[in-house]
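In what follows, a single structure is set out as structure tokens and then discussed.
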Amino acid sequence: MAIFMDRHDLAGTTAADVAEAHRKDLDIQDRYGVKFLTYWFDQRRGTAFCLMDAPDMETAQCVHREAHGFVAGEVVEVSLSAVEAFLGRIHDPETLPGQSSAEMDAGHRAILFTDIVGSTEMTSRLGDRMAIELVRAHDAVVRRCLSQASGREVKHTGDGIMATFTSITAAVDCAIAIQKEFERYNQGNPEPIHIRIGLDCGEPVEDSNDLFGSTVQLAARLCAAASTDQVLVSESIFREYGAADLFTRATRRRLKGFAKPVLIFQCDWTKAGAQQSSSHTA
């Protein structure tokens, strides 16, 4: 048995329709030796994503076909640990009192990367022990900001952190908070830490065989392309955040792994007000 996630294009379908389709999957799954674990539905974008334990992807499709006819357009094999890291759960969530199916998690995520600028030079100049202490200081600052913004750490990259957010607004505001925290940190420490940040957002199953494959790749490339103390975001982040005056210097740049030049926006975090995060919704 393997774990699969699929993607359905269901424009015009309601949350109630998708919940009923999921129930029908559960009703007949045992006939095929399949176990549907949970699903995500994005009514605004008209997409749904199912997570299942199945002998193979074709068998999982058979259940969909017989149960309700909503056959997936794409199916990828995934690991449960990766799903939980990115999406926060691998089972159907408990419905809270007063909560409706319309409040279902959309599965759309913002991905954030941080990277310590000049980490190799820092290690060479200061030695391993001191460099490790600075990395720990970086981690403490970033993790504190993630906690305050409801961000989820996916992994540590050695000299940075990769994180995911359900809210695009929270992700951008967290990036701003991180840079401001390091600005304060550097004012009182003889050995400053400068970082760069990259952000993109997207769906769990897109046009690659990896969970959030192209979103992770672009966020990582944006982080690598950023200069010292910069936050670079994708066009998707720019459009969804909803505060154009916060972003400057829109440019098209060629990034490794992308066939066409990518439109990049710089977040002017130095101008962000303390109350900005409360004035936006994701």
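Some notes on this structure:
- Odd one out for MET104, checked against (1) in contact with a strand residue (DSSP E or B) (Cβ under 6 Å, 6 or more places away or on another chain); (2) surrounded by fewer than 18 Cβ atoms within 10 Å (Cβ to Cβ); (3) of a type outside the set (Ser, Thr, Tyr); (4) modelled with pLDDT under 85: (2)
- Residue in segment 168-191 that is in a loop (DSSP other than H, G, I, E, B), modelled with pLDDT of 95 or more and touching a Leu at 6+ places or on another chain (Cβ under 9 Å) present: no
- Considering residues of segment 152-167 that are part of a loop (DSSP other than H, G, I, E, B), open to solvent by 20 Å² or more (accessible area, probe 1.4 Å) and not polar (S, T, N, Q) only, the residue nearest to PHE265 (Cα to Cα): ASP159
Yes/no per residue for (1) open to solvent by less than 60 Å² (accessible area, probe 1.4 Å); (2) touching a Pro at 6+ places or on another chain (Cβ under 8 Å):
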position: MET1; (1), (2): no, yes
position: THR13; (1), (2): yes, no
position: HIS22; (1), (2): yes, no
position: THR38; (1), (2): yes, yes
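- Residue satisfying all of: in segment 180-223; in contact with a strand residue (DSSP E or B) (Cβ under 6 Å, 6 or more places away or on another chain) and polar (S, T, N, Q); nearest to GLY127 (Cα to Cα) among these: THR215
- Flag if ASP159 is touching a helix residue (DSSP H, G or I) at 6+ places or on another chain (Cβ under 8 Å) and at pLDDT below 95: yes
- Listed by first and then second residue, the pairs linking a residue in segment 245-263 that is over 17 Å from ALA224 (Cα atoms) to a residue that is of a type in the set (D, E, K, R) and not in a helix (DSSP H, G or I), with Cβ atoms under 8 Å apart and 6 or more places separating them unless they lie on different chains, are LEU246/ASP268; PHE247/ASP268; THR248/ASP268.
- Those residues of segment 226-244 which are in contact (Cβ under 8 Å) with a residue 24 or more places away in the chain and open to solvent by 20 Å² or more (accessible area, probe 1.4 Å), in sequence order: SER227, THR228, ASP229, GLN230, GLU235, SER236, PHE238, GLU240, GLY242
- All conditions but one from (1) open to solvent by less than 40 Å² (accessible area, probe 1.4 Å); (2) within 19 Å of the chain's Cα centre (by Cα) apply to ASP207; the one that does not is (1).
- Top-ranked residue of segment 176-204 - restricted to ones that are open to solvent by less than 20 Å² (accessible area, probe 1.4 Å) and within 13 Å of the chain's Cα centre (by Cα), ranked as farthest from GLY118 (Cα to Cα): PRO204
- If you check ALA110, ALA106, ALA85 for being among the small types (Gly, Ala, Ser), under 17 Å from the mean Cα position of the chain (by Cα), under 30 Å from LYS155 (Cα atoms) and assigned to a strand (DSSP E or B), only one passes: ALA110.
- Pairs are defined by a Cβ separation below 9 Å, a sequence spacing of at least 6 or placement on different chains, a first member in segment 21-46 that is within 17 Å of LEU87 (Cβ to Cβ), and a second member that is part of a strand (DSSP E or B) and among the small types (Gly, Ala, Ser); the pairs so defined are HIS22/ALA48; PHE36/ALA54; TYR39/ALA48; TRP40/ALA48; PHE41/ALA48; ASP42/ALA48.
- Whichever residue in segment 64-80 is part of a strand (DSSP E or B) and out of contact with any helix residue (DSSP H, G or I) (no Cβ under 7 Å at 6 or more places or on another chain) and, among such residues, is most open to solvent (accessible area, probe 1.4 Å): GLU77
The values are calculated or read from the model by the stated rules, or taken from the named source; none is laboratory data. Predicted model only: the values in this text are computed from it and were never measured. Cβ: placed from backbone, ideal geometry, glycine included. Neighbour counts: every protein chain shown. These area figures cover heavy atoms from the full protein model, side chains too; ligands, DNA and RNA do not enter into them. Shrake-Rupley method; radii C 1.70, N 1.55, O 1.52, S 1.80 Å.
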